[in-house]
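Written out below as structure tokens is the structure these notes cover.
No lab work stands behind these numbers, since they all come straight from the coordinates. All of these numbers come straight from a predicted model, not from anything done at the bench. FYI the Cβ positions are ideal-geometry reconstructions off the backbone, even for glycines, and counts take in every protein chain you see.
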Amino acid sequence: MMELKVNVPEVRSYINEIVKAPGKIFDVVRYNVQESVGKYLSYLMESELTFYLGRERYERPGSINYRNGGYSRRFTLKGIGEIELNVPRDRAGKFKTSIIPKSKQYEDRIREDLSLIFLSGVSTRTLSLITTRLVGRKLSHAEVSKANQSLTEGIEKWRNRDLSQERIKYLFLDGVIFNMRIDGKIEKVPVLAAIGVTGTNHKLVLGLQS
């Protein structure tokens, strides 16, 4: 069993530093968590490559494809922050990990949060400034805009969805006033809402148009 030796003066000095700056201990813990998660996900990707190749690292190859090192990559997780990963590669260049999305720098839950905050009226520029506190690293104005673009695409997909199978017996049209950000200013914009009532008396929002 390994013997743990504690240097009392060093511990006392460290505790005194924490007393002077209580937040320091959380910074240390957060860093350790990020490092551990990064190593864990890197290990999972290495295991994924092992399964893909059908052999362990030092086993004799049964085919011409084999491990070909890896590359460093950063990825941001909600509640953890930015982690550093080592993504393994194969010689043929065909291995694609399913652990971390290839074209994304942060998980979808962060994108969803950014979109919700944007909908509350916060501008993309302001949102970019506060993302360090929100997700653990500063997201660029372009990254925030890209996250909001996916929200716009989802709305457009909903607006153009197929309604041919809906059995509508009543149709209500009404105007609703929304506060919208236009050219950096909040303005009241009238929006036409179409609400249908189905044969089972279920209300369904059919569309919105400004």
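Among the chymotrypsin sites (Phe, Trp or Tyr not before Pro) within region 169-210, not one is in coil by DSSP while having at most 14 neighbouring Cβ atoms inside 10 Å. Electrostatic tally near LYS94: other residues with Cβ closer than 14 Å to its Cβ, Lys and Arg +1, Asp and Glu -1, net +3.
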